[in-house]
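Quick notes on the structure that follows.
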Amino acid sequence: MLKLIVASLLVSFTVACGTECPTDGANGDFSGKDLTGCDLKSLVQLNADFSSADLTDVDLSESDLDNPDFSGAKLSGAKFNSADLNNPDFTGANLTNADFSSADLNNPDFSDATLTGATWTGANVNNPICTGATGADLSGAQVVGAVDC
C-alpha cells in the first residue's frame, strides 16, 4: 500500500464525496468542516485538526493519524476499521455507532464522548480515558490500562 505524506506545501484535495478539503502540509486543518459521508480512507496525517467538524458516516478506515484532534466532532457512523490512531483526542465527540473494528488506538481520550453502539471487534485499545463518557462499552476490544472504561 502506498502512503503519501505532504510535507510543507499548502495543497487541497477533493475527497470522494466531492467536498474540497484543505490541508496545510503535515498539519491538516479540517476544524469545523462539513465532511459528512466523505471517503478519507488511508489518510496519513500528523496533528490533523478535526475539532467540531461534522464527520457523520465518514470513512477513515486504514488511516494513520498521529495526534488527531476530534474534540467536539460529530462522528456518528464513522468507520475507523484497521486505522492506526496515536494519541487521538475524542473529548466530547459523538461516536454513536462508530466502527473501530481491527483498529489500533494508543492513548485515546474519550472523556465526555458518546460511544453508544460503537463496534470494537478485534481492536487494540491502549490506555484509554473514558471519564464522563456515555456508553463506554469496549466489549470485543483488547484493552490495556483503561481509566473509567
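Is it the case that PHE50 is closer than 22 Å to SER111 by Cβ, crowded, with 19+ Cβ neighbours inside 10 Å and in contact with a Gly (Cβ under 9 Å, 6 or more places away or on another chain)? In short, yes. Given the structure, is ASP64 surrounded by fewer than 23 Cβ atoms within 10 Å (Cβ to Cβ), more than 16 Å from GLY135 (Cα to Cα) and touching a residue at least 60 places away in the same chain (Cβ under 8 Å)? Answer is yes for this residue. Looking only at segment 97-127, residues that are in a loop (DSSP other than H, G, I, E, B) and either over 14 Å from the mean Cα position of the chain (by Cα) or more than 22 Å from GLU62 (Cβ to Cβ) (or both) come to 8 in all. No other residue among ASP69, ASP59, ASP89, ASP112 is at pLDDT 95 or above, surrounded by fewer than 18 Cβ atoms within 10 Å (Cβ to Cβ) and either closer than 25 Å to GLY32 by Cβ or touching a helix residue (DSSP H, G or I) at 6+ places or on another chain (Cβ under 7 Å) (or both) apart from ASP112. Note on segment 136-148: residues that are surrounded by 14 or more Cβ atoms within 10 Å (Cβ to Cβ) and either at positive phi or at pLDDT below 85 (or both) total 1. Against the criterion of being more than 10 Å from the chain's Cα centre (by Cα), under 24 Å from ASP39 (Cβ atoms) and of a type in the set (A, V, I, L, M), ALA133 does not qualify. Within segment 40-79, restricting attention to residues that are charged (D, E, K, R) and in a loop (DSSP other than H, G, I, E, B), the residue that is nearest to ALA98 (Cα to Cα) is ASP57. Look at VAL125 and say whether it is more than 22 Å from SER51 (Cβ to Cβ) and either at pLDDT below 90 or surrounded by 19 or more Cβ atoms within 10 Å (Cβ to Cβ) (or both). When the stated conditions are applied, VAL125 does not pass them. Those residues that are touching a strand residue (DSSP E or B) at 6+ places or on another chain (Cβ under 7 Å) and either over 20 Å from GLY135 (Cβ atoms) or of a type in the set (S, T, N, Q) (or both), I need them from segment 84-107; list them, please. If the condition is that a residue be touching a strand residue (DSSP E or B) at 6+ places or on another chain (Cβ under 7 Å) and either over 20 Å from GLY135 (Cβ atoms) or of a type in the set (S, T, N, Q) (or both), then ASP84, ASN86, ASN87, THR91, ASN94, THR96, SER101, ASP104, ASN106, ASN107 are the ones that fit.
The values are calculated or read from the model by the stated rules, or taken from the named source; none is laboratory data. What you see is a predicted model; the values in this text were computed from it and never measured. Positions of Cβ are backbone-derived with ideal geometry, glycine not excepted, and every protein chain shown enters the neighbour counts.
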